Amino acid sequence: MKLTILGCYAATPRTITNPTSQVLEIRNRMFLIDCGEGTQVQLRKNKLKFFKINHIFISHLHGDHFYGLVGLISTFMLLNRQTDLHVYGPKGVKEIVLLQLKFSNSFTGYKLFFRELSSHESEIIYEDEKVLVKTIPLKHRIYTNGFLFQEKIGDRKLNIVAVNKHKIETCYFQKIKNGIDITLDNGSTITNNELTFDPVQPKSYAFCSDTMYDESIIPIIYNCDALYYETTFLESEADKAKSTMHSTAKQAATIALKANVKQLILGHYSTRYANINLFQQEAEIIFPNVLLADDGKVFELD
C-alpha cells in the first residue's frame with residue numbers, strides 16, 4: 001500500500017504548496033482522494049500514471065478539496081480516455097460537474113458515473129474481490145465524509161518445500177492457495193495447513209478530511225494501520241478550530257490514541273504557521289508515532 005501526497009495545505013493554493021489531494025495505491029488499484037486545484041499538475045510532477053485512476057473520492061464540496069475535479073475530467077477527455085470513471089462524493093457533485101461540462105461543451109467520450117452520498121452513517125461505497133471502501137461521517141461546516149480503505153484477506157501462501165516434497169503439480173496450486181486440502185493419487189490427503197502459510201495480514205488506511213473533534217469515528221477507524229487526519233490548527237488556536245469546525249494536532253493525536261491506530265499522518269496545515277514541525281511536536285505529546293505529510297511525500301504503508 002503506497003500513499004502519495006499531492007497536496008496537504010489548507011485553503012488557498014500557493015506557489016510552494018497545494019490544497020488537499022492524494023493517491024492511494026492498494027492491491028494494484030489507484031484511488032484518487034480529493035482533488036483540489038492543481039491536482040493534475042501534481043499527478044504529472046510526481047510521475048503517476050493517472051490514467052490508472054478509475055475511482056475518485058471527494059470528501060466535501062469546499063473548493064480546496066474538489067476544484068481540480070472538472071479540470072482532470074476534461075483532461076481525460078482531451079487525452080481520449082475510454083475507460084469508465086467513477087466519482088464518489090456528496091450530493092451535488094454530479095450537478096456541479098455536469099453543469100461545467102455542459103457550458104464548456106466538453107462532454108466526455110468515456111462513461112462518467114457518480115455515486116452521490118448523503119447518509120450520516122458509515123456505509124460501503126466500493127467493493128471488489130480485493131478492496132473495500134466505506135465512508136467515515138465527519139462533522140464539518142458542510143456535509144463531509146472521510147474514507148476507510150481496507151484490503152481483504154488474500155490467498156494463503158504456498159509452502160514450496162512441502163509442495164515439492166509431495167510432488168504436487170502446479171495445476172493444483174490455486175486450489176491450495178484457496179485453502180483446499182489435496183488428495184494424492186495414492187488416496188492420502190495432505191492438509192492445507194501443511195502446504196501453506198497464513199496470508200499476509202490485510203492493511204487499512206483511513207482518510208479523515210476537515211472535521212471538528214468527534215469521537216464517534218473511533219469505532220470505524222479502530223486498529224487501522226494508518227490514519228491521515230487533517231489538522232488545520234495548533235492547540236493555541238483551539239477556539240478558531242472549534243468555530244470553523246476543524247481540528248488541532250492535539251485533537252488528532254487524541255483520536256489516534258483512542259482508536260489504537262498504528263500510525264498518524266498529519267496534514268491540511270494552515271499557512272499561518274511558518275514551521276509545520278510544530279504540528280508533529282504537539283501531537284507527539286499524546287501519540288508517539290506521528291508523521292507529517294507534505295506535497296510530493298510518499299508513504300509506504302507496509
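The values are calculated or read from the model by the stated rules, or taken from the named source; none is laboratory data. Bear in mind the structure is a predicted one, so any value in this text is a computation, not a measurement. Cβ placement follows ideal geometry from the backbone for every residue including glycine, while neighbour counts extend to all protein chains displayed. To get the accessible areas, we keep the full protein, side chains included, count just its heavy atoms, and leave off ligands, DNA and RNA. Shrake-Rupley method; radii C 1.70, N 1.55, O 1.52, S 1.80 Å.
Taking the DSSP beta bridges in the chain as the whole, what percent of them are antiparallel, to the nearest 5?
Working: 33 of 59 bridges.
That works out to approximately 55 percent antiparallel.
Heavy atoms only, 1.4 Å probe, whole protein assembly: order CYS171, CYS8 by accessible area, highest first. Display every interim value, and only then the final one.
Values: CYS171 90, CYS8 0 Å².
Correct descending sequence by accessible area is CYS171, CYS8.
If one computes P(r) from the Cα atoms of segment 157-302, what percent of pairs lie at distances over 26 Å?
Working: 4775 of 10585 pairs.
Counting pairs separated by more than 26 Å, the tail of P(r) holds 45 percent.
Which percent of Cα-Cα pairs in the chain sits in each 20 Å bin, short to long?
It works out to 32, 49, 18, 2, in whole percents.
Could you pull out the trypsin sites (Lys or Arg not before Pro) across segment 107-208 that fall in loop regions by DSSP (anything but H, G, I, E, B) with no more than 16 other Cβ atoms inside 10 Å?
Working: sites: LYS111, ARG115, LYS130, LYS134, LYS139, ARG141, LYS152, ARG156, LYS157, LYS165, LYS167, LYS175, LYS177, LYS203; in loops: LYS111, LYS130, LYS139, ARG141, LYS152, ARG156, LYS167, LYS203.
Of the trypsin sites (Lys or Arg not before Pro), the ones in loops of segment 107-208 whose Cβ has at most 16 other Cβ atoms within 10 Å are LYS111, LYS130, LYS139, ARG141, LYS152, LYS167.
Order the following by accessible area, largest value first: ILE73, ILE285. Probe radius 1.4 Å; ligands, DNA and RNA are ignored. Intermediate results must be reported in sequence, preceding the final value.
On the way: ILE73 0, ILE285 135 Å².
Final ranking, largest accessible area leading: ILE285, ILE73.
What percentage of the solvent-accessible surface of segment 230-272, computed with a 1.4 Å probe over protein heavy atoms, is contributed by carbon and sulfur atoms? Please list the in-between numbers first.
Numbers: 770 of 1650 Å².
That fraction is 47 percent.
Work out, step by step, the length gained on full extension between LYS49 and ASP128: first 0.36 nm times the residue separation, then minus their alpha carbon distance; give nm to one decimal.
Here the answer is 26.3 nm.
Can you list residues from other chains, or at least 5 along the same chain, whose modelled amide H is less than 5 Å from the amide H of ASP181?
Hits under the 5 Å cutoff: ASN192.
Please work out the Cα center distance from segment 123-147 to segment 40-63, rounded to the nearest Å.
Segment 123-147 and segment 40-63 have Cα centres separated by 17 Å.
Could you tell me what a quarter of the Cα convex hull surface of segment 80-210 works out to, in nm² with one decimal place?
Numbers: hull surface 50.2 nm².
Seen from a random direction, the Cα hull of segment 80-210 projects 12.6 nm² on average.
For the chain, what does the relative contact order come out to in percent, with C-alpha contacts under 8 Å and a separation of six or more? Spell out each step's value before the answer.
On the way: 661 pairs, mean separation 49.8, N = 302.
Computed value for the chain: 16 percent relative contact order.
Taking the solvent-accessible surface of protein heavy atoms with a 1.4 Å probe, what is the per residue accessible area of the chain in Å²? Before the final figure, lay out the partial values.
Working: 14520 Å² over 302 residues.
Counting only protein heavy atoms, the per-residue value for the chain is 48 Å².
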